[in-house]
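S.K.: Right, I'll just put the structure down here and ask away after.
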Amino acid sequence: MKPEGYAKRQQELAGWPIAVETYKLGDIYHCTIANVDPGARFARAEGATREEAESRALEKAARYLSYTRKFEV
C-alpha cells in the first residue's frame, strides 16, 4: 500500500507553530502533528475522513500543549 492524498501545512495552535501532515493509507486517513522548531511529532490520530482525522489530532495536540509551560526569555 502506498499513501495517497498527502498534504502538509503549518499553522499556530495555542501559541505554538505546528506542522499538520495528513494522508490516506487504504481506507483510513492518518494525521500527525509536529512541533515546527524541533520537528518532534507529539499527536497522531486516524479517521474515516480527512476532517475527522485532523480534528481528532488537533484536539489531542491542544490538550498536550495546554500542559506545556512556555517561559519568556
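Rule-based calculations on the coordinates, nothing more; no lab input. Treat the numbers as computed from the prediction; the structure is a model and nothing was measured. When we count neighbours, we look across all protein chains shown, and the Cβ atoms used for this are built from the backbone with ideal geometry, even at glycine.
S.K.: Can you tally the net charge around ALA48? Count Lys and Arg as +1, Asp and Glu as -1, for every other residue whose Cβ sits under 14 Å from the Cβ of ALA48.
M.R.: -2
S.K.: A further question on this structure: Please identify every one of the chymotrypsin sites (Phe, Trp or Tyr not before Pro) in the stretch 21-73 that sits in a loop by DSSP and has no more than 14 other beta carbons within 10 Å of its own beta carbon.
M.R.: TYR67, PHE71
S.K.: Can you pull out the trypsin sites (Lys or Arg not before Pro) in the stretch 24-73 whose DSSP state is coil and whose Cβ has at most 13 other Cβ atoms within 10 Å?
M.R.: Sparse-neighbourhood loop trypsin sites (Lys or Arg not before Pro): ARG69, LYS70.
S.K.: Just flag the GluC sites (Glu not before Pro) in the chain sitting in loop per DSSP whose Cβ has no more than 14 other Cβ atoms within 10 Å.
M.R.: GLU72
S.K.: Quick one, which of [x] 12.9, 47; [y] 32.1, 108; [z] 11.2, 30 is the actual Rg and Dmax of the Cα atoms in Å calculated for this model?
M.R.: Step by step, Rg and Dmax of the Cα atoms in Å for this structure corresponds to label [x].
S.K.: Also: Any idea what the dipole of the chain comes to, in debye rounded to 20, about its Cα centre with Lys/Arg Cβ at +1 and Asp/Glu Cβ at -1?
M.R.: 180 debye
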